[in-house]
Amino acid sequence: MGWQANVATIRALVGRSRNELLRVPGAAVPGILAPAIFFLGINGIFGALVGLRGFDGNSYLNFVLPVSMLQAAAFTGAATGVNLARDIEQGWLDRLLASPAPRWVLLAGMVTSAAIRAVIPATFVFAIAMILGGRFPGLDGMLITYTIIPAMAVIGAFWGSMLALKYKSQSVSPLMQSGMLAAIFLTAAYAPMALLQNWLRTIAEINPVNDVLQAVRQGFIGDVTWAGTWPGYVAVVGLTLVLGALALRQMRRQAV
Amino acid sequence: MKLRVVRALGMRSIRQTFRRPQLIAPIVLFPTLMLAFQTGGAGSAINLPGFPPVQSFLQFMLAGATMQALMIAGNSGGIAMAVDIEMGFIDRLFVAPISRYAVIFGRLAGTAVLGLIAGAWFIVVGVVFGVHFEGGILGILLALALVTATATAIGAIAASIALWTGTASIVQGLFPLIFVGLFLSTAFFPKSLMAEPAQTIAAFNPLSFIVNGVREPFISHLTATVALEAIAAVALIFALGLWMSASALRHRLRTGV
Amino acid sequence: MPAIVAKGLRRSFDDVNAVQGVDLEVAEGEIYGFLGPNGAGKTTTVRMLTTLLLPTDGTAHVAGFDVVSEASSVRQSIGVALQEAALDPLMTGRELIRLQATLHGIPTADGRRRADDLLERVDLVAAADRRVGGYSGGMKRRLDLAAALVHEPKVLFLDEPTTGLDPVSRKGIWEEVTTLNGEGTTVFLTTQYLEEADQLANRVGIISAGRIVAEDTPAILKAAVGRPHLEIQLLEGEPDQAEAAFAGLGRTLPRKDGRVLVELERGASQIAEVVRALDESGVTVGALELVEPSLDDVFVATTGEHLEEE
């Protein structure tokens, strides 16, 4: 199959994913509302933490906004895996696998749709934050944020797809979601590194998603620097390559 | 209404939950993970001026995590009822010579057990991680009773929505609202340290009274006022849920939809 | 006492009149076939008779009890296997039947025994402890039937029990229905399949657009719309010649696709006479087909539409 056919297949799969949102009444609402609710909730509840030494005068809203945006992206990605598991159970994936489309094209279609969709809830949260007086991260901060958000969704989609293809059942949906939950929150999500409990600080230091979070956060709480940026992109690229390879391996193992 | 029928339907509802990991995980796994992340990430909060005197942030947060679990348990009962409607299983129950209300109470019996399991789980978590329960055994028992009753009350509201709509995805869509209710309560932070308008809303939110009733025996000694306020709040939600469920059931039986 | 009596039964949904005055009577021990296309009102009628839906107007009695004022007594007397086999995929077959027994107030030990017996009866013993979600369509139907029988009901409602099943599974269900009826159970059977109604039903009611448009035994209904006819393909000889030969044996019908047609008063028993007459007149028969009126012909005659696609 030529590249044009591959692109057409990817577009068709993205279109199907869009239909799921547009043709099922209310389907989009939880995915958009939930991150916003969490953002407002976390900010409203834990906002007083800025009174602790270590926050350096930052507003908690600015501090936690990147967490919510990344959470929105990661969960959108994980939802791709949940949908794929459902498709496997209902036999829809067999229809795709029986087509001449290469396996990587099928996977690319699924994760591309996640990357596009993730922008919606993330932007919704961002807009709420700006209305509430949040700090605009500058053009460089926005560029970093809006390149990393789709990438985070892709990571979540690869993770979820890998599990869906391996276990072929919706019963692993909690694993998809909790994996992303752990990835996002085993970081300096709630507080700076120095204020974390020891066990969490140890994990956050080795968790690549912490670098991703710091890369996105820097513009919201201060200046964007190269030193604060590159580790995040390295982490994103690394996670994408590793999880992408694992997902593709599972896809290729599917027998028709 | 025969107890035997309610028990049989309750057992079915519990079996359903344990046979689908994606149903049990949100009740136990996610609240436990969030408890871990919040205590690890925001644990320094106990150093804030005005924070209640507690042994640890975990001791404070256990009640909130338990509330989260029981509300998800309640909602999952509603989702399961909606699935029964969607797949026609509820017709099998309606055509049987049982009280139609047994269908609701059977589901709620199962939800009550799930709530109790969730409450017990977090007690165990607390024990394992060294939490000292100031209210002793009596306090723990009161907390478990409140948790079980609240899960049932929330389950009644979720069941009513299932009976009205007959659509599982709509009941599932209420999931974010659970967190709205919890965030606007004292589930996760002391009221005095919450930002407005959350602080004002929390002051009147029935869930705050319930959380306080569950939390008090963990972090301090039982007081009658807090316990009675919690019981009253549960009773209010339960009465509302039962009224909604009964209305929805009668509507469904009358119209067939 | 009739097993089922409905008088002027009506049901409306907003501005849709799904059932517009159904009168029917089913005798005890009868198999009553309720035929009609999708949307005719079959399932709505069944749901009213099984107390799942309140009638908008009219009355109905099942097993002697009023479906509205004595609904609980009705439910104690009936077994129902609904169109969508209402099964819980997470339960095992055995669990489902035991639950059904509990719902009908059967003591636990008796319920377990009944479950074992019924599972054997419907040939699901091997799959009894597997989850229903893994059953085939035929297995689900058999389980649904078994669950409907757990309390030995007087009246059994089967709503399209063989829709979507393969011929072997369908035959199995037919055999079971016949056996049950032989044991004295009244069966109210809704179906889209003419053959099913023909094979099983003592009497057939045809519903269209919410009304019963015909009701009687299959044989009488079919006889009312016509007699069997013979379609003859000639190998040698002229059609006029053939029609002259059998003119006295039956009514000549319009030719169809080069075939000559003759309606036979006495059906298949006249075939030999016709062939002899044709032979004597020098006409050679190439092919012969006896065409009986079908319930679809009855349906066309009463509603103007086919029940089954040609």
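The values are calculated or read from the model by the stated rules, or taken from the named source; none is laboratory data. Just so you know, these numbers come straight off a predicted model, no measurement behind them. Don't worry about glycine lacking a Cβ; one is built from the backbone with ideal geometry, like all the others, and counts go over all protein chains shown.
Are any of the residues in region C:210-228 in contact with a Lys or Arg (Cβ under 8 Å, 6 or more places away or on another chain) and over 30 Å from C:K42 (Cα atoms)?
no
Out of region A:186-214, which residues are within 8 Å of chain B (Cβ to nearest Cβ) and either crowded, with 24+ Cβ neighbours inside 10 Å or under 12 Å from the mean Cα position of the chain (by Cα) (or both)?
Matches in region A:186-214: A:A189, A:Y190, A:A191, A:L196, A:L200.
Taking into account only those residues within region B:5-57 that are facing chain A (nearest Cβ under 10 Å) and charged (D, E, K, R), which is farthest from B:F189 (Cα to Cα)?
B:R19
Tally the residues that are among the small types (G, A, S) and free of Cβ contacts under 8 Å to residues at least 60 places away in the same chain, restricting the search to region A:188-218. Write out each step before concluding.
Of the residues in region A:188-218, the ones among the small types (G, A, S) are A:188-189, A:191, A:194, A:204, A:215.
When the remaining residues are screened for being free of Cβ contacts under 8 Å to residues at least 60 places away in the same chain, the result is A:188, A:204.
So the answer is 2.
Mind checking which helices (runs of 4 or more DSSP H) fall wholly inside region B:170-257 and carry at least 2 residues that are surrounded by fewer than 19 Cβ atoms within 10 Å (Cβ to Cβ), out of contact with any His (no Cβ under 8 Å at 6 or more places or on another chain) and free of Cβ contacts under 8 Å to residues at least 40 places away in the same chain? Full working, then the answer.
Values: elements: B:175-183, B:198-204, B:206-219, B:224-255.
The qualifying helices (runs of 4 or more DSSP H) are B:175-183, B:198-204, B:224-255.
Taking A:A101 and the conditions (1) in contact with a helix residue (DSSP H, G or I) (Cβ under 6 Å, 6 or more places away or on another chain); (2) within 14 Å of chain B (Cβ to nearest Cβ); (3) not aromatic (F, W, Y), which numbered condition does it fall short on, given that it satisfies the others?
Only one criterion in (1) in contact with a helix residue (DSSP H, G or I) (Cβ under 6 Å, 6 or more places away or on another chain); (2) within 14 Å of chain B (Cβ to nearest Cβ); (3) not aromatic (F, W, Y) is unmet by A:A101, namely (2).
In region B:58-75, what residues are away from every other protein chain (no Cβ under 11 Å) and small (G, A, S)?
B:A63, B:A65, B:A69, B:A73, B:G74
Please enumerate the residues belonging to region C:96-127 that are within 16 Å of C:R142 (Cβ to Cβ) and surrounded by 18 or more Cβ atoms within 10 Å (Cβ to Cβ). Explain how you work it out, then say what you get.
Filtering region C:96-127 down to residues within 16 Å of C:R142 (Cβ to Cβ) leaves C:96-97, C:100, C:114-127.
C:L96, C:I97, C:Q100, C:R114, C:A115, C:L118, C:L119, C:V122, C:L124, C:A127 - these are the residues of region C:96-127 that are within 16 Å of C:R142 (Cβ to Cβ) and surrounded by 18 or more Cβ atoms within 10 Å (Cβ to Cβ).
Check whether at least one residue in region B:14-21 is within 20 Å of C:L87 (Cα to Cα), under 16 Å from the mean Cα position of the chain (by Cα), surrounded by fewer than 24 Cβ atoms within 10 Å (Cβ to Cβ) and not β-branched (V, I, T), and report yes or no.
Within region B:14-21, not a single residue is within 20 Å of C:L87 (Cα to Cα), under 16 Å from the mean Cα position of the chain (by Cα), surrounded by fewer than 24 Cβ atoms within 10 Å (Cβ to Cβ) and not β-branched (V, I, T).
For region C:48-102, which residues satisfy the criterion of being touching a strand residue (DSSP E or B) at 6+ places or on another chain (Cβ under 8 Å) and of a type in the set (D, E, K, R)?
Within region C:48-102, C:D57, C:D66 meet the criteria.
Looking only at region C:84-126, count every residue that is part of a loop (DSSP other than H, G, I, E, B), within 11 Å of another protein chain (Cβ to nearest Cβ) and not hydrophobic (A, V, I, L, M, F, W, C) and tell me the total.
Narrowing region C:84-126 to residues part of a loop (DSSP other than H, G, I, E, B): C:84-91, C:104-107, C:122-126.
Then keep just the ones that are within 11 Å of another protein chain (Cβ to nearest Cβ); that gives C:84-91, C:104-107.
Cutting the leftovers down to not hydrophobic (A, V, I, L, M, F, W, C) gives us C:84, C:88-89, C:104-105, C:107.
Qualifying residue count, region C:84-126: 6.
Checking C:E196 against (1) touching a Lys or Arg at 6+ places or on another chain (Cβ under 9 Å); (2) not in a helix (DSSP H, G or I), which single condition isn't satisfied?
(2)
From the list B:G130, B:G119, B:G126, B:G78, pick out the single residue that is part of a loop (DSSP other than H, G, I, E, B) and away from chain C (no Cβ under 14 Å). Give the derivation first.
Working: B:G119 fails: part of a loop (DSSP other than H, G, I, E, B); B:G126 fails: part of a loop (DSSP other than H, G, I, E, B); B:G78 fails: part of a loop (DSSP other than H, G, I, E, B).
Going through B:G130, B:G119, B:G126, B:G78 in turn, just one is part of a loop (DSSP other than H, G, I, E, B) and away from chain C (no Cβ under 14 Å): B:G130.
Sort out for me the strands (runs of 3 or more DSSP E) sitting completely within region C:1-83 that have 1 or more residues that are over 22 Å from C:H104 (Cβ atoms) and in contact with a Phe, Trp or Tyr (Cβ under 8 Å, 6 or more places away or on another chain). Outline the logic, then answer.
Working: elements: C:4-13, C:16-26, C:31-35, C:57-62, C:78-81.
So the answer is C:16-26, C:31-35.
Give the residue, chosen from B:V131, B:V125, that is more than 13 Å from B:M81 (Cβ to Cβ), surrounded by fewer than 20 Cβ atoms within 10 Å (Cβ to Cβ) and in contact (Cβ under 8 Å) with a residue 12 or more places away in the chain. Steps first, please.
Values: B:V131 fails: surrounded by fewer than 20 Cβ atoms within 10 Å (Cβ to Cβ).
Within the list B:V131, B:V125, the selection yields B:V125.
Return yes when A:A12 is surrounded by 14 or more Cβ atoms within 10 Å (Cβ to Cβ), more than 7 Å from chain B (Cβ to nearest Cβ) and touching a helix residue (DSSP H, G or I) at 6+ places or on another chain (Cβ under 9 Å) and no when it is not.
Working: surrounded by 14 or more Cβ atoms within 10 Å (Cβ to Cβ): no; more than 7 Å from chain B (Cβ to nearest Cβ): yes; touching a helix residue (DSSP H, G or I) at 6+ places or on another chain (Cβ under 9 Å): yes.
For A:A12, the condition - surrounded by 14 or more Cβ atoms within 10 Å (Cβ to Cβ), more than 7 Å from chain B (Cβ to nearest Cβ) and touching a helix residue (DSSP H, G or I) at 6+ places or on another chain (Cβ under 9 Å) - is not met.
On the given criteria, is A:S171 over 15 Å from the mean Cα position of the chain (by Cα), within 14 Å of chain B (Cβ to nearest Cβ) and either assigned to a helix (DSSP H, G or I) or surrounded by fewer than 21 Cβ atoms within 10 Å (Cβ to Cβ) (or both)? I'd like the intermediate steps shown before the answer.
On the way: over 15 Å from the mean Cα position of the chain (by Cα): yes; within 14 Å of chain B (Cβ to nearest Cβ): yes; either assigned to a helix (DSSP H, G or I) or surrounded by fewer than 21 Cβ atoms within 10 Å (Cβ to Cβ) (or both): yes.
Yes, satisfied.
List pairs: first residue in region B:1-18 and more than 14 Å from C:L90 (Cα to Cα), second residue in a loop (DSSP other than H, G, I, E, B) and modelled with pLDDT under 90 anywhere in the structure, Cβ distance under 9 angstrom, at least six positions apart or on different chains.
Correct list of pairs: B:K2/C:G105; B:R4/C:G105; B:V5/C:G105.
Condition test on B:A195, is it among the hydrophobic types (A, V, I, L, M, F, W, C) and facing chain A (nearest Cβ under 9 Å)? Reasoning before the result, please.
Values: among the hydrophobic types (A, V, I, L, M, F, W, C): yes; facing chain A (nearest Cβ under 9 Å): yes.
Yes.
Taking the condition more than 14 Å from every other protein chain (Cβ to nearest Cβ), touching a Leu at 6+ places or on another chain (Cβ under 7 Å) and at pLDDT 90 or above, does A:G77 pass?
Details: more than 14 Å from every other protein chain (Cβ to nearest Cβ): yes; touching a Leu at 6+ places or on another chain (Cβ under 7 Å): no; at pLDDT 90 or above: yes.
So A:G77 does not fit the description; no.
Take A:S99 and tell me if it is of a type in the set (S, T, N, Q), modelled with pLDDT under 95 and outside any helix (DSSP H, G or I). Break it down stepwise before answering.
Details: of a type in the set (S, T, N, Q): yes; modelled with pLDDT under 95: yes; outside any helix (DSSP H, G or I): yes.
For A:S99, the condition - of a type in the set (S, T, N, Q), modelled with pLDDT under 95 and outside any helix (DSSP H, G or I) - is met.
Yes or no: region C:186-193 includes at least one residue that is over 15 Å from the mean Cα position of the chain (by Cα) and at pLDDT 85 or above.
Taking every residue of region C:186-193 in turn, none turns out to be over 15 Å from the mean Cα position of the chain (by Cα) and at pLDDT 85 or above.
Which members of region B:87-110 meet the condition of being of a type in the set (G, A, S) and within 7 Å of chain C (Cβ to nearest Cβ)?
Quick first cut of region B:87-110, residues of a type in the set (G, A, S) only: B:88, B:96, B:99, B:102, B:106, B:109-110.
Matches in region B:87-110: B:G88, B:A96.
Taking the stated definitions as given, is A:D223 part of a helix (DSSP H, G or I) and away from every other protein chain (no Cβ under 14 Å)?
Considered against the rule, which asks whether it is part of a helix (DSSP H, G or I) and away from every other protein chain (no Cβ under 14 Å), A:D223 comes out as no.
Somewhere in region C:148-167, is a residue buried (at least 17 other Cβ atoms within 10 Å of the Cβ), among the polar types (S, T, N, Q) and either more than 23 Å from C:Q199 (Cβ to Cβ) or touching a Cys at 6+ places or on another chain (Cβ under 7 Å) (or both)?
No, the conditions are met nowhere in region C:148-167.
Restricting attention to region C:69-83, and to residues there that are small (G, A, S), within 11 Å of chain B (Cβ to nearest Cβ) and farther than 23 Å from C:R130 by Cβ, which single residue is surrounded by the fewest Cβ atoms within 10 Å (Cβ to Cβ)?
Of all residues in region C:69-83, those small (G, A, S) come to C:69, C:71-73, C:77, C:79, C:81.
Subset that is within 11 Å of chain B (Cβ to nearest Cβ): C:71-73, C:77, C:79, C:81.
Checking which are farther than 23 Å from C:R130 by Cβ leaves us with C:71-73, C:77, C:79.
Working: C:A71: 21, C:S72: 15, C:S73: 17, C:S77: 18, C:G79: 26.
Step by step, filter region C:69-83, then rank; the result is C:S72.
Considering each residue of region C:7-52, count those that are closer than 21 Å to C:A71 by Cβ, among the aliphatic types (A, V, I, L, M) and surrounded by fewer than 24 Cβ atoms within 10 Å (Cβ to Cβ), and give that number.
Residues that pass the stated criteria total 5.
Out of all the residues in region C:54-68, which are within 11 Å of chain B (Cβ to nearest Cβ) and either buried (at least 24 other Cβ atoms within 10 Å of the Cβ) or under 21 Å from the mean Cα position of the chain (by Cα) (or both)?
If the condition is that a residue be within 11 Å of chain B (Cβ to nearest Cβ) and either buried (at least 24 other Cβ atoms within 10 Å of the Cβ) or under 21 Å from the mean Cα position of the chain (by Cα) (or both), then no residue fits.
Say whether the condition of being under 12 Å from the mean Cα position of the chain (by Cα) and surrounded by fewer than 24 Cβ atoms within 10 Å (Cβ to Cβ) is met by at least one residue in region B:147-156.
Initially, region B:147-156 is screened for residues under 12 Å from the mean Cα position of the chain (by Cα), giving B:147-156.
Subset that is surrounded by fewer than 24 Cβ atoms within 10 Å (Cβ to Cβ): B:148-149.
Checking region B:147-156: at least one residue is under 12 Å from the mean Cα position of the chain (by Cα) and surrounded by fewer than 24 Cβ atoms within 10 Å (Cβ to Cβ).
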